[in-house]
Amino acid sequence: MAGPSHAPLQTRRQLLGRIGTLAGSAALYQAMTSMGHAMGTDFSGPPNLSGAKPGTSVLVLGAGLAGMLSAYELRKAGYDVQVLEFQTRSGGRNISLRGGDTVAELGGATQKVGFAAGNYLNPGPWRIPYHHQALLHYCREFGVQLEPFIELNHNSWLHSTGFFGGKVVRYRELAADFTGFTAELLAKAVDQHKLDDLVSADEVAYLKNAMRGWGALTPDLQYTKGTLSSLRRGFEKPQGGGPDGAPVPSELMNRDEIWKSGMWNWMAFHERLDMQTTMFQPVGGMDSIGKAFARQLPGLIHLNCKVTAIHQDNSGVSVTYNDMGHSGAVRHARADYCVCTIPLSILSQLDVQVSDGMKAAIAAVPYGSSVKLGLEFKRRFWEEDDKIYGGISFTNQPISQVSYPSHGIFSKGPAVLLGGYMFGPAAYDFAGMTPQERLEKGIKQGLAFHPQYRKEFLNGVSYAWSRTPWTLGCCALWSEEARKTHYQALCAVDQRVVLAGEHASYVGCWQEGAVLSALDAVTRLHKRALGAA
Amino acid sequence: MRKIFLFSVAMFAFVISGAARADSAAPATTKMVDMPSGEAVYRHICQSCHMADGLGAVGAGARIPALAHNPRLQIASYPATVILNGYGGMPWFSGMLNDRQVADVVAYIRTHFGNDYKDPLNPADVAFMRLHLTPEAE
């Protein structure tokens, strides 16, 4: 079974093997990257492990998705499994915030979430592409109810401070005009024989026809104000009924400003494999997944365990931890094997007895910074006033975007939107602010889209991943160089220890990466355990 | 060259982030605030982790090092190297900060938070250090 891929996985592996043999690992890496992008994630089904030697034990460190799934599959295979988790909750970065929750971050700031019942923010993962088949498989298996997540909304806003007078434009207006003008230029260039050295004579007619249809051009290849273009970008006066129902076409945007503005980046964004529709979200909050995973492991997850050391010898693995539920009492846990899913940002500072190569790998991967803002408003003015139902409005301001809830559409009462989602420089900037400053900045910048913000605002919460005690960042930032030098060592089974998590995958920063990494890690660990008779 | 953090190019409103950054926020990096001084660099970048008071923090069995009263700041090239290359969980900033900004913020942390190392680091020194970056941080 090849999942969503267009070619059987076997063929892909064989091809990659050949590329690796002929051209070396750099070419293999390149090929894997490009093919990975082309084909989605590599999942053909659950591992179906079985036949563990009776009495063999595995200690899993971390109760995020990677840890819990490792525990689930290993226990099914017959291992005695225990999971140690630092937090007072399981789920890891699979987390949702609701009214009454407390967010305590490094540096001492504490926020109490004030959302109304039923409202939530997913500060970590919040959407699942249709081709993340491994995660979706376990959602089905564990009974997690999913609903569509609206990624692309043609009626959402786009905003750039330096262009179009700083005014918002609708996604559909920009998309229609970008496509129309592009098609017009190409059609005319062909028509006027300016591309004769690039386009064969029998191609010309087809190409012109394609551009006319794709770009909504008139028969004489114009993209111009009129019914054709307005049927894409929307009318100045919309189509109506009765004697006065005739629509009035809308003005086009300024062509050269479209190229210059770079706003087309937001069209290209949705074309990435990772961002294509259909997207999903769990009903009621992303943490439905973590909770469902945890339900598969009754009594096996031990919370409040702060791991400080991982040692191993010929007979097993010994983990030292502080039992934070008992005044930090030092305790030791021992098992035959260990699956460690502790984020590298933490693990790199612990006393870990693994090979020098794996140690170097653990220390070689920095963690990115990301901040999310959740804002609760009295009513869904984005729906009621602006006719925006789900999707994302983008801006070049630091908040980068506002995303509207895909659930509860048309409902009355307070609702929560994602008031900012920062990566990189803006995330550092926001993480360094007080929670109050973050909200104030988020509201101020969001006013570019929604003047209703001030009047309708109820409360908000911010989540700064670089100040999260148990990750010190949002996810692993692999550079291509670090990947080449360290990735294999990071993923190797090191005597009795194997690492798993999004950091040990090519689907970094996605839950799918954690799941695929865990499945792969436990499969190889199982082989090792069977072979070590 | 690393693709995740790029210089803000003033003539364009957007800089495309070349690496498809998984569940990343947006297709283009947004405009960065101006950072004309070492203090500004510290406030807008460093304090997100090292905290406004330079004291860092302690998390789950791991910590964000304090810059306050830190004898490792005696030699200016040490913090400069860490800033350019990253260190452990800390990302590299060679792409986000220019030579002047690196020199400025090194001077700032070496003369604040209880540190008193006044010998300056010149932007030219930072430029020279860039030549010797590991391939990862170029």
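The values are calculated or read from the model by the stated rules, or taken from the named source; none is laboratory data. In this text the structure is predicted, and so the values were computed from the model without any measurement. All Cβ positions, even for glycine, are placed from backbone atoms using ideal geometry, and neighbour counts span all protein chains on display.
Just a few scattered comments:
- One residue alone among A:GLY107, A:GLY165, A:GLY124 is surrounded by 20 or more Cβ atoms within 10 Å (Cβ to Cβ), at positive phi and either assigned to a strand (DSSP E or B) or within 14 Å of chain B (Cβ to nearest Cβ) (or both), and that residue is A:GLY107.
- Test: residue in region A:372-382 that is in a helix (DSSP H, G or I) and away from chain B (no Cβ under 14 Å): yes
- Filtered residue count, region B:56-88, keeping only those that are at the interface with chain A (Cβ under 9 Å from one of its Cβ atoms), touching a Phe, Trp or Tyr at 6+ places or on another chain (Cβ under 8 Å) and either closer than 15 Å to A:LEU106 by Cα or not in a loop (DSSP other than H, G, I, E, B) (or both): 3
- Count of region A:159-181 residues, restricted to those that are farther than 23 Å from A:GLY226 by Cα and not β-branched (Val, Ile, Thr), is 6.
- Every test in (1) over 16 Å from B:GLY38 (Cβ atoms); (2) crowded, with 17+ Cβ neighbours inside 10 Å; (3) hydrophobic (A, V, I, L, M, F, W, C) is passed by B:ALA107 save one, and that test is (1).
- Here A:THR485 passes the criteria (1) away from every other protein chain (no Cβ under 11 Å); (2) surrounded by fewer than 19 Cβ atoms within 10 Å (Cβ to Cβ); (3) not in a loop (DSSP other than H, G, I, E, B) except the one numbered (1).
- Test: residue in region A:396-408 that is more than 26 Å from A:ARG98 (Cα to Cα) and surrounded by 20 or more Cβ atoms within 10 Å (Cβ to Cβ): yes
- Count of residues meeting criterion [on the phi > 0 side of the Ramachandran plot and either within 11 Å of another protein chain (Cβ to nearest Cβ) or assigned to a strand (DSSP E or B) (or both)] in region A:383-400: 2
- Looking only at region A:327-343, and only at residues there that are of a type outside the set (D, E, K, R) and closer than 15 Å to A:GLU85 by Cβ, the one that is nearest to the chain's Cα centre (by Cα): A:PRO343
- Residue among A:VAL498, A:VAL493, A:VAL416 that alone is crowded, with 24+ Cβ neighbours inside 10 Å, aliphatic (A, V, I, L, M), touching a residue at least 24 places away in the same chain (Cβ under 8 Å) and closer than 26 Å to A:ILE342 by Cβ: A:VAL498
- Only a single item in (1) farther than 13 Å from A:SER57 by Cα; (2) β-branched (Val, Ile, Thr); (3) crowded, with 20+ Cβ neighbours inside 10 Å is not met by A:VAL317, and it is number (1).
- Answer residue from region A:488-514, given it is among the β-branched types (Val, Ile, Thr) and assigned to a loop (DSSP other than H, G, I, E, B) and is nearest to A:GLY124 (Cα to Cα) among those: A:VAL507
- Which numbered condition B:VAL33 misses (of (1) modelled with pLDDT under 95; (2) within 13 Å of the chain's Cα centre (by Cα); (3) not charged (D, E, K, R)): (2)
- Screening A:ALA176 with (1) over 22 Å from the mean Cα position of the chain (by Cα); (2) outside any helix (DSSP H, G or I); (3) in contact (Cβ under 8 Å) with a residue 24 or more places away in the chain gives one miss only, at (2).
- Scan of region A:351-367 for residues that are among the charged types (D, E, K, R) and away from chain B (no Cβ under 12 Å), ordered by number: A:ASP356
- Any hit, region A:420-428, residues being within 9 Å of chain B (Cβ to nearest Cβ), under 30 Å from A:GLY357 (Cα atoms), of a type in the set (Ser, Thr, Tyr) and not in a helix (DSSP H, G or I): no
- Some residue of region A:277-296 being within 11 Å of chain B (Cβ to nearest Cβ) and modelled with pLDDT of 95 or more: yes
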